[in-house]
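Notes to accompany the following structure.
The numbers here are math on the coordinates, done by the rules we state, and not lab data. Owing to the predicted nature of the structure, the values given are computational and were not obtained by experimental measurement. So basically every Cβ, Gly included, is an ideal-geometry build from the backbone, and we count neighbours across all protein chains shown.
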Amino acid sequence: MKYVIYVLSIALITAFLIIYGRAKEYYLPTELTNKLYIKCRDKILKYLSKNKSATYKELEREIEGVTAKVFWSRKVMTVLDSKKMVKGIIDSLLKQDKIQILESDGKKLVVLK
């Protein structure tokens, strides 16, 4: 009887670990995307606080090649289309009222508020 309890407990623990691992793997792309977005947003805000203003091209160069990784996986997500990423981050920061866009000489400048 004692061995039956041990076998059942090992089976339950194994099943739990398999289900937990699959759930983590299922949510991995979402976690990597969120982490990459936050990392790029912070990099843009840091660049703007340092330089006071920037063009879209400068911001694209700033986040080009940024990577995100979670500690429990070997998979990595990298910014490949920095133009699309900057546009999404700028739109989000405008909605949060952290930045403003000024036009100067036909160029759009992003400035911190």
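Contact map, region 30-45: residues that are touching a residue at least 24 places away in the same chain (Cβ under 8 Å) paired with residues that are in a helix (DSSP H, G or I) and small (Gly, Ala, Ser), Cβ distance under 8 Å, separation 6+ or inter-chain. Pairs shown: 37/88; 41/92.
If only residues of region 22-75 that are in a loop (DSSP other than H, G, I, E, B) and of a type in the set (D, E, K, R) are counted, the one that is farthest from the chain's Cα centre (by Cα) is 52.
Which residue is farthest from residue 103 (Cα to Cα), if the candidates are limited to region 62-82 and must be among the charged types (D, E, K, R) and surrounded by 14 or more Cβ atoms within 10 Å (Cβ to Cβ)?
Within region 62-82, the match that is farthest from residue 103 (Cα to Cα) is 69.
For region 100-113, a residue qualifies if it is more than 17 Å from residue 62 (Cα to Cα) and either within 13 Å of the chain's Cα centre (by Cα) or assigned to a strand (DSSP E or B) (or both), and the qualifying residues are 100, 101, 102, 103, 104, 107. Name the residues in region 76-94 that are of a type in the set (Val, Ile, Thr) and either closer than 11 Å to residue 44 by Cβ or not in a loop (DSSP other than H, G, I, E, B) (or both), would you? Of everything in region 76-94, those that are of a type in the set (Val, Ile, Thr) and either closer than 11 Å to residue 44 by Cβ or not in a loop (DSSP other than H, G, I, E, B) (or both) turn out to be 76, 78, 86, 89, 90.
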